[in-house]
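Only the coordinates and a few stated rules stand behind these numbers; no lab work does. In this text the structure is predicted, and so the values were computed from the model without any measurement. No Cβ is skipped: glycine too gets one built from the backbone with ideal geometry, and neighbour counts run over all protein chains shown.
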Amino acid sequence: MIGFVAKLGDRLLERLAPTVTAKADTTWYEYCYCTADWRAIYRTCHVVGGTSTCGACNTVRYVGC
């Protein structure tokens, strides 16, 4: 009897509750190259809705390479 009630509850939840998908949005920097005057050039990358993209190599960080 309990098995029947459990199956009925599972079926009810499948119809009423929306399907859950976890997709985290995040941003990070990727190293591109180092310039002659020791500046590190990075590009910004993003994950939005499960799709990742990266921008142009135009972010300058004034740290030694």
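Taking every alpha-carbon pair within region 25-65, the share separated by more than 17 Å comes to 34 percent. Over all other residues within a Cβ to Cβ distance under 14 Å of Tyr62, the charged ones net out to +1, with Lys and Arg as +1 and Asp and Glu as -1.
Compute the signed sum of charges (Lys and Arg +1, Asp and Glu -1) over the other residues within less than 15 Å, Cβ to Cβ, of Tyr33.
Once all neighbours under 15 Å are counted, the net charge is +1.
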